[in-house]
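Novice: The structure's right below; bear with me while I get my questions together.
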Amino acid sequence: MTTRPLPVLSMLEARVLAVLVEKERTVPDTYPMTLNAITAGCNQKSSRQPVIEASDTEVQAALDSLRHASLAIESSGGRAMRYAHNARRVLDIPSEAVALVATLVLRGPQTAGELRIHCERLHRFADIASVEGYLHELAARAAGPLVAELPRQPGARETRWACLLSGPVSEGPAPGGPAPGGPVPEGLVPTARPLSGPAPHAAAPEEPVPAAHAAAGTRLEAGAYAAPGRGASQATPATEPTSGKLAALEANLARLERDVQALAATVARLCEELGVKT
């Protein structure tokens, strides 16, 4: 199949597409989706990075652009128009890869381990190696890469991956940086297109940081850190564990528990075969 060049999507267009992919798997009874449901999915507070506040008008414009690129399909059902995605066919990638791309769009750059956990409701990968295999295929896609591996963060054990549907991304802070709902980290903002169209949805202006906070480098309520005053070398580091790290630790613990149970079952079977009483 010959894949035609894919247009660079705005941040909102990519978010709408990813929401359609997600909800097809998680709430199939309400799929295809209405405009109101898609807007709610785009503005969802959980499992989203960054959190946005898009209007129905902006989401409708994004849907029209996706339809023009054949990435979304409109159908009539009941009293409202409904929309479905066509990502697998247009991108010419398997459903497993579509799940990874959608999760990267919805949650921002992640490690392969974090992707395996966050993708579980869309597709259950057997192990991290299988996730990495699909990521490398997406990065080496003949029609153009859909993901890119970011440089390893200082002190990090694993590299993160980012989606390229909205163009290349610059390297930014690791997931331990600003919390969802706070200011959007510069490294997570696509360099090609804004939130949507020529008149992007502007975020509310940030209040100025008090001089005392800026000088001391204290932690802001939104989860970001104020820049230290003149003479300091760097911002105050985060001390709280990130949700991604906790999720990865929980996954490792669950895997170890399964390994122990399997080992115990093997020992019991061998003892029974050998006639050894335990």
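Novice: Which whole-Hz ³J(HN,Hα) couplings does segment 42-59 yield from phi under the Karplus relation 6.51 cos²θ - 1.76 cosθ + 1.60, θ = phi - 60°, glycine and proline marked x?
Specialist: Going residue by residue, I get 5, 8, 4, 7, 9, 6, 9, 8, x, 7, 10, 10, 8, 8, 4, 5, 5, 5 Hz, with x marking Gly and Pro.
Novice: Enumerate the calculated ³J(HN,Hα) couplings along segment 107-123 in order (Karplus 6.51 cos²θ - 1.76 cosθ + 1.60, θ = phi - 60°), each rounded to whole Hz, writing x wherever the residue is Gly or Pro.
Specialist: Computed from phi, the couplings for segment 107-123 are 10, x, x, 8, 7, 4, x, 5, 4, 4, 6, 6, 8, 4, 6, 8, 7 Hz.
Novice: Under a 1.4 angstrom probe, counting protein chains only, how are SER46, SER95 ranked by accessible area, largest first? Walk me through the numbers on the way to the answer.
Specialist: Details: SER46 65, SER95 30 Å².
Largest accessible area first, the residues go SER46, SER95.
Novice: Would segment 44-164 count as rounded, prolate or oblate if I go by the C-alpha gyration tensor, calling it rounded below 1.5 in a/c and otherwise prolate when a/b exceeds b/c, oblate otherwise?
Specialist: Working: a/c = 2.04, a/b = 1.64, b/c = 1.24.
Because a/c hits 1.5 or more and a/b exceeds b/c, segment 44-164 counts as prolate.
Novice: List the residues, sorted by chain then number, that are 5 or more residues from ALA72 or on another chain and whose placed amide H is less than 5 Å from its amide H.
Specialist: The list, which skips near neighbours in sequence, is ARG67, ASN86.
The values are calculated or read from the model by the stated rules, or taken from the named source; none is laboratory data. The structure presented is a predicted model; accordingly, all values stated were derived computationally and were not measured. Accessible surface is based on the protein model in full, side chains and every heavy atom, while ligands, DNA and RNA are left aside. Shrake-Rupley method; radii C 1.70, N 1.55, O 1.52, S 1.80 Å.
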